[in-house]
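Here is the structure we will look at, set down as structure tokens.
The values are calculated or read from the model by the stated rules, or taken from the named source; none is laboratory data. All of these numbers come straight from a predicted model, not from anything done at the bench. Don't worry about glycine lacking a Cβ; one is built from the backbone with ideal geometry, like all the others, and counts go over all protein chains shown. These accessible areas exclude ligands, DNA and RNA; they are computed on the full protein's heavy atoms, side chains included. Shrake-Rupley method; radii C 1.70, N 1.55, O 1.52, S 1.80 Å.
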Amino acid sequence: MSSTPLIWDQESEEEVWYADVALPLRIPELYTYRVPKEFIALVQPGIRVVVEFGRQRVITGLINEIHQRKPEVYSTKPILDVLDAEPIVTAVQVAMMKWMSNYYLCTFGEIVNAALPSGLKLSSESKIQLHPENDWNHYSGALDDMEIILLNALAKNDALTYSEAAEAIQLKSAFKYIKSLVQKELILIFEELKEKYRPKKIMKIRLHDDLIGDESALKQLFQSLEKNPKQADILLYYLSEYPYAQHGKGELEGIDKSSITKSGLSSSSLKTLIKNEVFIAFEEVVSRFEKDTKERKTIELSIKQEAAKDEILNQFQQHSTVLLHGVTGSGKTEIYIRLIEEALAHGDQVLYLLPEIALTAQIVNRLKAVFGDRMGVYHSKFSDNERVEVWQGILTDRFDFIIGVRSAIFLPFSHLGLIIVDEEHETSYKQFDPAPRYHARDVALYLAQLHHAKTVLGSATPAIESFTHAKEGKYGYVALNHRYHDALLPEIFLADLKEEKKKKTAVGEFSSQLIQHLQQVLDRKEQAIVFQNRRGFSNYLTCEDCGYIPACNRCAVSLTYHQYKNQLNCHYCGHKEAVPVICPACGSTQIHTVGIGTEKIEEDLKLIFPTARIQRMDLETTRSKYAYQNIINDFEKSNIDFLVGTQMVSKGLDFDKVSLVGVFDVDRMMHFPDFRSHERTFQMVTQVSGRAGRRADQGKVIVQTRSIEQKLLHWIQQNDYTDFYNNEMQEREKYGYPPFTRMIHILCRDRDKKLTQKAAVKLANILKSDLGESRVLGPQEPLINKIRDKYLVDIHLKVEKKYSISAVKDMIKKALHEMLEDKLLKKVEIVLNVDPY
């Protein structure tokens, strides 16, 4: 893809150039626009342009190719504006996006929409103005009082937004009156484009040019200010912050204007000095990220860590990807740091991927101490403006090292040399909704291939597929079997909750074993983590007399009870209801909670241990930007005794004083109807167990279960990944699941249940005739067969590895085309998910 702008040839003014533009919409093809003469020298692949799509819809698009091929089936519209002087997307990014579009069976526009931060996409806002050709003062028809008020408001303003119009007539909505005035041809509606990104600016002051380099003038100024001590104080403060000797004529360094008022000096005196041309006030664009002036920290590796790092570098001689299989607490992060340092020393860029925003809070602090300002952070808790600055920081080489979550793979790297995918087994790397439904680990591997870069996949519990690739020699493999400084792995105990319930030694859902160990933690002034992978207070409410369970009216699920809000919530569509006082079915007051979530555990802990300081960390308590960081900081400072949390507490976090981990509801994880349930249970429990005893003393883990005989729990207890892996491989080969097959999930959904089922049956029959019945599972309704008022039907494809997945995808496209020949079925939404689990 060329990055050289096209030059207009004055001798060939008849030539017409066209641009294929990727629009951030779910349309299967690029859209072609005509390049106006004035933009010929400006357009090139990778820059943003403003275009019109449909009627009165103005959006930002991304140029993919410049050519002279006129479309045959539609007339072209002109590009309205060019937004960039240089490409903001690289050729390698476009190649990756095209691969993703093909591999994950989605449109290129959906990839572009996911890739670009919102701040780089123009938005348009509907506004109204007076009709320029029709004077409402001479309108002969009847006008409503509200219409007259609105017209008067428009007469005083060039234009109004819909909300401003509503405010003018003091109503919640002005739409009724806007519609009426449009019909009467007295006003017009138009779209105003807005650039979302706004650079951060601060107001600064500096000495006036006449005072720079003229000491006598400065002395005279001080003499003239003898009767204005407040103004003199400001001048003295300025010169103390920015010494006179550093001034050069016309230089714009100056000092931050706000620092003067923060120092208690008079703001009115400052205004006078600016008015009298002692100071010049000016705006300066600054970064949203504070400059890090702290001394850099150096990392020393242990002998075993150094050996593992050297072995990774040695494996890079034969393999572009290496799996680092290190037990929890083995010091993988320190090894990553040394690898990053070496890559940066060679002039390469580095991408460090983490699965959860929660992980970035603690790890960013550790990495910042080593790499300082050259490191950028990229995740969804950042504002649009902050994400744009990171994007631009890579383009301008301000950042050569990025740490981020899955969306960071879309950043515009130009010379990427190393990618680290930490906790590579994590399901959080998979995007489920909306499209593109990609897996960041797999995309990272392709991105590394495009850049000829190296990749390290790190985990204490590798994904079955990754470990298989290592065993087959596709990846290099490095094992780190000991904790840092030979600290002991935690001792894992299984608490038989079924037996304790029989003997009545349990307190609610807490085994006596867990309560005893939690008390010891308090007595020793240590800390504990209590893990329950279900938020809310309880699973649901039920009436003991008639069995009624409050359910979501839009989804086929029961409502989760949240006590702190005193609310019933649907975790699928967000529907909320008040908690019923009496049963709406039978009128009984015997309504009770069933099941246990993080809220309930938090409440029970407060009752059992009234003096303990307890904090919950789940989706509800971490919605704000710095919530993760604040909770983690409090835990690190020992302001919290027990941290109750969902899976966000299970990985990557490192706390000195955590000596105990309690695990709830492991049976639900094990018996979940999914072929990966045992793999995910092994990973989740091993990871959360790894938070205990990461220093000198051995930690303890209490896993509560009603299925104590389960082999899986004993493999977890013995940290026996090999036996677990071998057993899983036998099961998956027997039943034909990955890594022995490739899977594609097809979901049909619509508000009409019968139509959804009809579409699924037709599609499945076409695929069975092409692929064979054994490779097509379904159609069948999922466990939750209705979400957000839409009925769901599943089809699963399982295709042996020896067959071409590309050919299978072509068959799917053909089958969809054939199914959509039935006009009634066109309204049914088809969702394709490659590698869904």
Exercise. For K332, go through the aspartates and glutamates and keep the ones whose alpha-carbon is under 15 Å away, minus same-chain ones fewer than eight residues off.
Key: E300, E306, D310, E311, E341, D422, E423, E424, D486, D654
Quiz prompt | Largest to smallest accessible area among E491, E29, E424 [probe 1.4 Å] | solution = E29, E491, E424
Quiz item: Past the 22 Å Cα-Cα mark, which pairs from K758/K827; K498/K711; K504/K657?
Solution: K504/K657
Quiz prompt | J(HN,Hα) series, the stretch 464-481, from Karplus relation 6.51 cos²θ - 1.76 cosθ + 1.60, nearest Hz, glycine and proline x | solution = 3, 5, 5, 5, 5, 4, 5, 5, 7, x, 6, 10, x, 9, 10, 9, 10, 9
Practice problem: For the stretch 531-601 and the stretch 726-805, compute the distance between their C-alpha centroids and round to whole Å. | Solution: 32
Practice problem: For K381, go through the aspartates and glutamates and keep the ones whose alpha-carbon is under 16 Å away, minus same-chain ones fewer than eight residues off. | Solution: E356, E389, D618, E620
Quiz item: Of all the accessible heavy-atom surface of the stretch 73-222, with the other protein chains kept in place and a 1.4 Å probe, what percent is carbon and sulfur?
Solution: 49
Quiz item: Does the stretch 357-463 come out rounded, prolate or oblate by the C-alpha gyration tensor, with a ≥ b ≥ c the root eigenvalues, rounded set by a/c under 1.5 and, if not, prolate when a/b is larger than b/c and oblate if not?
Solution: rounded
Quiz item: To the nearest 10 square angstrom, how much accessible area does L559 have with a 1.4 angstrom probe?
Solution: 0
Quiz prompt | Computed over the chain, the ratio Rg/Rh where both radii use C-alpha atoms and Rh is Kirkwood | solution = 1.00
Quiz item: Among rounded, prolate and oblate, which fits the stretch 688-738 when a ≥ b ≥ c are the square roots of the eigenvalues of its C-alpha gyration tensor, a/c under 1.5 means rounded, and a/b larger than b/c means prolate?
Solution: prolate
Quiz item: With every protein chain in place, what's the accessible area of S140 (1.4 Å probe, Å², nearest 10)?
Solution: 120
Quiz item: Can you flag which of K309/K802; K98/K814; K172/K576 are past 26 Å Cα-Cα?
Solution: K309/K802
Quiz item: Of all DSSP beta bridges located in the chain, what percent are antiparallel, nearest 5?
Solution: 60
Quiz prompt | Amide H within-cut-off set for K200, under 5 Å, with H built and near neighbours excluded | solution = V286
Self-check item: Cross-link pairs K501/K600; K430/K600; K768/K798; K471/K801; K768/K813 - those with Cα-Cα distance over 22 Å
Solution: K430/K600
Self-check item: Unmatched cysteines, the chain - criterion: no other Cβ of a Cys under 4.7 angstrom
Solution: C106, C573, C748
Quiz item: Can you give the accessible area of F53 in Å² (nearest 10), computed on protein heavy atoms with a 1.4 Å probe?
Solution: 50
Quiz item: With all protein chains present, how much of the accessible area of the stretch 755-815 (probe radius 1.4 Å) comes from carbon and sulfur, to the nearest whole percent?
Solution: 51
Self-check item: Accessible area, probe 1.4 Å, largest first, for residues I582, I111
Solution: I582, I111
Exercise. With a/c under 1.5 counting as rounded, go ahead and sort the stretch 615-767 into rounded, prolate or oblate using the C-alpha gyration tensor (a ≥ b ≥ c being the square roots of the eigenvalues; past the cut-off, prolate if a/b is larger than b/c, else oblate).
Key: oblate
Quiz item: In Å², what does the accessible area per residue of the chain work out to with a 1.4 Å probe?
Solution: 47
Quiz item: Once phi is turned into θ = phi - 60°, what whole-Hz ³J(HN,Hα) does the Karplus curve with 6.51, -1.76 and 1.60 give for every residue of the stretch 541-555, x standing for Gly and Pro?
Solution: 9, 8, 8, 5, 7, 10, x, 4, 10, x, 10, 6, 7, 10, 10
Quiz item: What order do K700, K504, K271 take when sorted by accessible area (1.4 Å probe), most exposed first?
Solution: K504, K271, K700
Practice problem: Using θ = phi - 60° and the Karplus relation 6.51 cos²θ - 1.76 cosθ + 1.60, list the HN-Hα couplings for the stretch 29-43 in order, rounded to whole Hz, with x at every Gly or Pro. | Solution: 10, 5, 10, 9, 10, 7, 8, x, 3, 5, 9, 4, 6, 9, 6
